[in-house]
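The values are calculated or read from the model by the stated rules, or taken from the named source; none is laboratory data. Predicted, not measured: the structure shown is a model, and the values here were computed from it. All Cβ positions, glycine included, derive from the backbone under ideal geometry; neighbour counts span all protein chains shown. Only protein heavy atoms, including side chains, enter the accessible area calculation; ligands, DNA and RNA are left aside. Shrake-Rupley method; radii C 1.70, N 1.55, O 1.52, S 1.80 Å.
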Amino acid sequence: MFNQHILLKINFLGRYSLALLALFCSIRISAQQELMLHALPDVWHSTSTNPAFFPEGKKFILGLPGIGLDGAHSGDVSYRDVFVKDGDRTVIDFSKVISKLDFTNEAHFDQRTEIINLGIRLPGKIMLQAGYANRLSGVLVYPKALPELLWNGNGPYIGETLNIGLKADVADWNEWSVGLAKQFGPLSIGVRGKLLTGVSSLLTDPNHISASVYTSPDIYQLSLHTDYGFHSASIIEAIDTSNLGFDLKLADLKRKAFSKNTGTAFDIGLKFKVNERITLDASVLDLGAKINWDTKANYFLSQGDYTYDGQTFPGTDIINGIDSLGFDLALDTLNDIFKFNKTPGEYTTKLPLRGYLGGSFMLSKKWIFGVSAYFTHRDGAKNTFAIGGSARWSPMKWLSLGAMYSVNRRNAANLGMHVVLKPGPVQVYFASDNILNAFSVKNSPAVNLRAGIALMF
Amino acid sequence: MFSKPIFRFSLLLVLGVAAWQGCKKSDFENAALGDHTAEFAFPLFTTDVKLKDLLLNILNDTLSGDTIFINPDNTMTLFYSGDVAEKPATDIFKFLESGIVPLSSDTVVNPIQAPNGVSITQATLKGGEISFIFSNPTMDTIKGNFGIPEMTLNGVGFNHPFLLAPGEQNKVFGPFNMNGYELNSASYTITFAYAAYLPNGTKIKIPLQPNGFPNAFVVFLNLKFKYVQGYWGYQLYELTRDTIEIDINQTDLRGDIKIKSPKVTMRVRNSWGFPTRGIIKYLSFIGQNGEELQLTGTAFQNDGTNDYADFDYPSYIAGEVGQEKITDFVLDETNSNIADIFNLQPVRLVYEIDGVSNALLDPDLIGFMTDESVLGLQMRVQLLLEGSAKNFGAEQTLNLDFGEFGSLDSANIESVEFKLVTENGTPVDIDAQIYFWDAAGNTVDSLFDGGGQKIMNAAPISAIGTADGTTRTETFITMTAARFDKIRTTKTAVLKAYFTTAQGGTVPVKLLADNTAVVKMGIKVRKRLTGG
């Protein structure tokens, strides 16, 4: 049984380390703002930040794959803090991370993968667009005690109550969009409707979010408390706590373009050309965005209070030889404590609402200066804001380079950059709001980058 | 001419590298958990031991007569008792039971058959039979009756008719049930008489046989007496010889233990209706090395040869027939050398006692006995568990069950640390060592290096020596994996404990029945975890 308990720890660690892996993966692939792309309205994929954006002078555009990554972790935790080279292999090592963690830690991650999209300029200054993208968005809030317990065991935390309840709001969905933009003189207005088809989701229940472990300083009696519930669609099939295991049975995560978990969202944007030099823009994205998860949707709930005092037996039986002095671990009942009851149940997740404000000043044909602001609102999480100023230099017709200084909640000194290449009809770009992190993602606590390619005619 | 394409290509390459750097599937997909050490802490067991239970076990209580008595104030008294030696009076004093009385004349007066020194004046029978056997040597019919004038039933004398035909031989009359008959004879004699008549009314004595034997007999068979009264003279008889084991001093280990007030009590329960004296032929403790430790004192009297004690008895004169008298002879520190003897931790008490009736040779003594008169004698050693002890040793074999620990793959265990916690509500310190035995009884290891450790500190004591609260003692036992490997496969542990009463055994304490010690243990295991 002791073996099993050790295995429990390992399994537990292993399973949750997958979640932590995802968390740090998100650091690697995301950022908490996306100002740089927004400052490049002539880049086709910037239309994802404002449906009123449409490259001037282009009649037909074929957007090829592009990826936008945005992630941040509170504190100063980077990929390399967790994934450590050990000879020719990479191992997971929490020893350096734990000391860097705050009491409560947050990780945000957003990933947008443009698969394909089209843009057509029609007569009458009407622009149509349609596209298909994959999106992943999530936030994890976890206490420091969770990795501490998983990594160090409960031995170093005797006398402490370790609250290990993890909050998660993660969703992965497809986005089918159709948009229309119309130019009214200096004003362009764009709207975009989106059909969302959910791929997978994990959402903890804010009413059942507590789980704690207390190890008594007396003889290490364990007090376990759990009132923990979460919704899952197509991620976790079952949690097997039998035989002291803690085995998460993951669902088959084959991505399908369509599913019965559907929702809708709307983007609206405008661009106002004040004069030949000054342009203003504003957009709100994912208005009313939510997905109803009613296929393969389940609710998992674990509730129990349990104190394990070890074996108790009358001393008389021991000294009389009737019973044995037992050192066994009677922890079978953990199965009953942590047992998650699974019940089918549909639920709804609200997706984060985003918005942009921007303005640009064209000093010359080679120099453009701009300001951009970005906000995100997610239910149950703090709103995030970012603002930045940019300069863009186009030394050649097919090349532009740019830089941006931006401020957000976690960092007052983000130096971004972009490169746009336009060899012929090809448009290739790379942009990041934090160039230092973009090229050292494994050593950075926050990362933002965007890259893509398109054909424009 | 080639600079432009090369530059464009270079920029594309940079972008590609940057994108790959940011987006590639990392090697973490195959990452294993880094080797590290984690520490797990679990409780193992909790048990509580009441002092009463512990003492009973330590004392190796195999004698059924040994008892711990819980006094009203929760103090405990330990009794070691010898067998109760019971002597029914009827075992020693046997009266006429069966026999034949030839009647050579028509009236025969015999002394009542009784043990030496006893003369019966009154008795009540509860069973048995009497018969008369007559032969008629004449040619006439003989008619008559026979009787025992000292015996009456409800005021009517024992008298029965008989009729003998001419020449009739060995005709039996009876048997007559004697249950309920009373015998009264101030002269300690019993009379058998018959009256025989010929048909013409002539009273005759039945002629003797030619060889001189009589033709009339009285046969009594299995007469049983419910009550006998008379004179009891001096008579000596054996009462008991027995041995009492003093288990408290028979553990394998030794130490200094002082019992504050040891007592030996001889209790006599007597329903014999005459004075009996117990002659103390032998009363000694046997020491640790077999030496005799004679118990002497003023509790008994001495006749110049032996100590003796006169037992109380129910008095005929006082109308105490059927009663039982109890006499306790107590030898304690005030009237004997028992305290000194117990400081030497004797292992057993041996005693031999005889009885003497009417030791004072009272010629006017009227005594009695009934069919239920018993003299019971029991020796008892009484130890109030109040005293002091220094390193008093006890040994206990415990069964071990390491459960899953027994089959644990300990390859990655770095060390274990047991935490032993005691919460002691007894006024006793305990130093202990545990020896772990393999199946063959060989010592594999011990719990503590370098001898036992104090695992339990005595509770604070009050002014009267009782435990007043609890004392918590924590002991940490760290083991290497190799040592733990050896121990966890054992199935038997031998606990050797040394008890010292509070304050180093310098003051007497009272051990109360409800004094409880809680013993509990947890474990920390440091284990190397590898991701493979």
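So, R0 is 56 Å and r is the distance between the beta-carbons of B:E474 and A:A130; what FRET efficiency does that work out to, to 0.05?
On the way: r = 73 Å, r/R0 = 1.30.
That pair, B:E474 with A:A130, gives E of 0.15.
Can you return the lysines within cross-link range of B:K281? Criterion is Cα-Cα under 18 Å, with same-chain partners fewer than 8 residues away left out.
In chain and number order, the partners are B:K87.
Averaged over peptide A:145-155, how many Cβ atoms belonging to another chain are found within 10 Å of each residue's Cβ? If you can, show how the numbers build up before the last one.
Values: counts 0, 0, 0, 0, 1, 2, 5, 5, 11, 6, 11.
Taking the mean over all residues of the peptide, I get 4.
Each residue of the range A:379-389 in turn: what ³J(HN,Hα) in whole Hz from Karplus with 6.51, -1.76, 1.60 and θ = phi - 60°, glycine and Pro shown as x?
Residue by residue, the range A:379-389 yields 4, x, 9, 5, 5, 10, 10, 8, 9, x, x Hz.
Just the accessible area per residue of the range B:480-532, please: how many Å² with a 1.4 Å probe?
On the way: 2020 Å² over 53 residues.
On a per-residue basis, the range B:480-532 sits at 38 Å².
Calculate the spin-label point distance for A:I189 paired with B:L221, positioning each point 7 Å from the Cα along the beta-carbon direction, and give it in nanometres.
In this crude spin-label approximation the distance works out to 14.0 nm.
What FRET efficiency would be calculated for the residue pair B:Y237, B:E372, taking the C-beta separation as r and a Förster radius of 25 Å, to the nearest 0.05?
Details: r = 19 Å, r/R0 = 0.74.
Efficiency for this residue pair is about 0.85.
Apply the Debye scattering formula to the range B:388-505, with a single equal point scatterer on each alpha-carbon and no solvent, then give log10 I(q)/I(0) at q = 0.12, 0.13 Å⁻¹.
-0.51, -0.59
How many Lys pairs in the range A:44-188 lie less than 29 angstrom apart by Cα atoms, where the lysines are 8 or more positions apart or on different chains?
Summing the qualifying lysine pairs gives 13.
Ranked highest first by the average count of other Cβ atoms within 10 Å around their residues, in what order do A:390-396, B:519-525, B:202-208 fall? Before the final figure, lay out each step's value.
Numbers: A:390-396: 16.3, B:519-525: 22.6, B:202-208: 14.0.
Packing proxy ranking, top to bottom: B:519-525, A:390-396, B:202-208.
Could you tell me the calculated FRET efficiency between B:I204 and B:S104, based on Cβ-Cβ distance and R0 = 22 angstrom, to the nearest 0.05?
Values: r = 14 Å, r/R0 = 0.64.
It comes out at approximately 0.95.
Would you mind computing, in nm to one decimal, how far apart the modelled labels at A:L122 and A:D102 are, each placed 7 Å from Cα along Cα→Cβ?
Label-label distance for A:L122 and A:D102, simple model: 4.9 nm.
With the alpha-carbon atoms as the only input, what is the per residue convex hull volume for the range B:408-464 in Å³?
Numbers: hull volume 8.1 nm³, N = 57.
That works out to 142 Å³ per residue.
From other protein chains only, count the Cβ atoms within 10 Å of every residue's Cβ in B:516-522, then give the mean. Intermediate values should be presented prior to the final figure.
Working: counts 1, 1, 1, 3, 7, 6, 11.
Counting other chains' Cβ atoms within 10 Å and averaging over B:516-522 gives 4.
Output the residues of the range A:92-133 meeting this criterion: accessible area (heavy atoms, 1.4 Å probe) in the chain alone minus accessible area with all protein chains in place is 30 Å² or greater.
A:I92
Across the range B:127-269, how many lysine pairs, 8 or more positions apart or on different chains, have C-alpha atoms separated by under 28 Å? Please give the number.
Lysine pairs satisfying the spacing and distance rule in the range B:127-269 number 6.
Other chains near A:423-430: what is the mean number of their Cβ atoms within 10 Å of each residue's Cβ? Write out the running numbers ahead of the final one.
Values: counts 6, 0, 0, 2, 0, 6, 1, 9.
Mean shielding by partner chains, rounded to a whole number: 3.
Listed highest first by mean packing, meaning other Cβ atoms within 10 Å per residue, what order do B:369-379, A:352-362 come in? Walk me through the numbers on the way to the answer.
Numbers: B:369-379: 21.0, A:352-362: 19.5.
The peptides rank, most packed first, as B:369-379, A:352-362.
Can you pull the percent of the range B:287-373's accessible area that's carbon plus sulfur, 1.4 Å probe, other chains left in place?
Details: 1850 of 4300 Å².
Summing carbon and sulfur atoms, their accessible area is 43 percent of the total for the range B:287-373.
Quick one: net charge around A:W367, please, counting Lys, Arg +1 and Asp, Glu -1 for every other residue with C-beta under 12 Å from its C-beta. Mind dumping the intermediate values first?
Working: positive: A:R277, A:K365, A:K366, A:R392; negative: none.
Summing Lys/Arg as +1 and Asp/Glu as -1 gives +4.
Once you place label points 7 Å from the Cα toward the Cβ at B:T305 and A:S364, how far apart are they in nm?
14.8
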